[in-house]
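Down below is the structure, laid out as structure tokens.
The values are calculated or read from the model by the stated rules, or taken from the named source; none is laboratory data. All figures in this text were calculated on a predicted structure; none of them were measured in a lab. FYI the Cβ positions are ideal-geometry reconstructions off the backbone, even for glycines, and counts take in every protein chain you see. Remember, those area values only see protein heavy atoms, side chains included, never the ligands or the DNA or RNA. Shrake-Rupley method; radii C 1.70, N 1.55, O 1.52, S 1.80 Å.
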Amino acid sequence: MVLTNCIRFTAKAAGKFGQRELLCNIRSLATGTVVSTPSTNSTSSPSGWEQQRRQHASYGKMSGWQIHAYGVPQEEIQFSDGIKMPILKSPTQLLVRVKAASVNPIDVAMINGYGASVLNAMRCKDGGIEFPLVLGRDFCGEIVQKGLGISSRELEVGDEVWGVVPVHLQGCHADYVVVEKYCLFKKPSNLSKIDASAILYAGLTAWSGLYITGHLGDLLGAISPVGGGAGKKVLVLGAAGGVGTLAVQMLLAEGVEVFATCSPDAMQMVNNLGVKYVLDYTDPAHVQNVASVGRFDIVLDCAGKGTEYANEVPWLYDQYITFNSPVLKNIDADGFAAGMYQNALNLVRNNAAALSTRQGLVKWGYFVPAPQGIAYLQRLAEKGKLLPVVEKVFPYGSTPEAYERVAQKHLRGKVVIDFE
């Protein structure tokens, strides 16, 4: 019999025992086996930790990090080694053993209850439940099972892959994850598992903002992986974060003239990505310096400034696109009907103000798990034109610390969990 053990980690407990050692001891109790504690400095392949993952799978169980209620990460993230392994429910799904995964701001926001009304309704519609909930959106891993509708020409058991999980589904911060074929591609051979796990969620967010919302490559750029936008001029706000660092690389690869803002301690990093015009957003003079550049085809807000900021600055643009959309927040606060009414009102009000000052349209950008977007990112990565900035890699046993770092904000690129 496999016992299911859950433990709530606190900073005090972690400091006293060490999270990796504590996790291994819990696994021993759950499986009735003796487990040696893997060294945190070990670089050898399959350790006792990896062997335990495989043994759990033979019992139809896996380990993972879950929440059982909304709150704050340091209180709600719980480890369990008795989670039921996900199973294939359609011929186009695949089961992947996760090797590395990133932590994104959306994970922290969802713990805080962001989008609970809409995302939970979508989850339950697909036969899921609200809690316990595994978070995690993008990952790198190995296919261990595939549906009958997937040919060997497309993907095969044993292939190393990178993928993304739609936000309303159970995530990838666990030993195994099930995803649809359109969310999974073979990992670019020139990327490490760490780098591959840090691209897709942020990269697809940037791609959809530029090519679906912003029409940077016209219609073809939105419906295919061709990209586009050469000769245009784009300002990226918050260019040092996970989305911003990938957005500027995408734009530079397409021959776009890129301007960027970030904090002073990140300016050199953004400059090293190839951006010539980098401005310190803490310097009040940067507002007028940007205004002196002239009109932008797109202002891409990766800094969470929101739609109101578009009317506070004297910049000229054809489109101002922000990823800080109030859509889910308004529905959470006011219900679906009133929330959607408030969303429409906000969009009309912000666009009316922008157009009255001869500025352009104000729009919302979103993460879109589109296969043509993944194919686009894959093409750039394979050409060596796209590489994530990874601020820190945490071991699997330190997942709560990874969440805490993301919750602190002001990231320099991405935070990644190494499962091995």
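Miscellaneous remarks
- Any hit, region 167-183, residues being open to solvent by less than 40 Å² (accessible area, probe 1.4 Å), among the acidic types (Asp, Glu) and over 16 Å from the mean Cα position of the chain (by Cα): yes
- Evaluated against (1) closer than 24 Å to ASN104 by Cα; (2) part of a loop (DSSP other than H, G, I, E, B); (3) among the acidic types (Asp, Glu), ASP283 falls short on exactly one condition, (1).
- Qualifying residue in region 328-346 (condition: open to solvent by 10 Å² or more (accessible area, probe 1.4 Å), in the same structural domain as GLY221 (by the TED database), within 20 Å of ASN104 (Cα to Cα) and out of contact with any Ser or Thr (no Cβ under 9 Å at 6 or more places or on another chain)): yes
- Every residue from region 401-413 that is open to solvent by less than 10 Å² (accessible area, probe 1.4 Å) and of a type in the set (Lys, Arg): none
- Subset tally (residues that are within 29 Å of PHE79 (Cβ to Cβ), open to solvent by 10 Å² or more (accessible area, probe 1.4 Å) and basic (Lys, Arg)) for region 125-160: 2
- When ILE321, ILE374 are checked against the criterion of being in the same structural domain as GLY227 (by the TED database) and closer than 30 Å to CYS140 by Cβ, ILE321 stands alone in meeting it.
- Count of residues meeting criterion [among the hydrophobic types (A, V, I, L, M, F, W, C) and touching a His at 6+ places or on another chain (Cβ under 9 Å)] in region 372-401: 0
- Per-region count, region 193-232, residues touching a helix residue (DSSP H, G or I) at 6+ places or on another chain (Cβ under 8 Å), surrounded by fewer than 24 Cβ atoms within 10 Å (Cβ to Cβ) and assigned to a loop (DSSP other than H, G, I, E, B): 7
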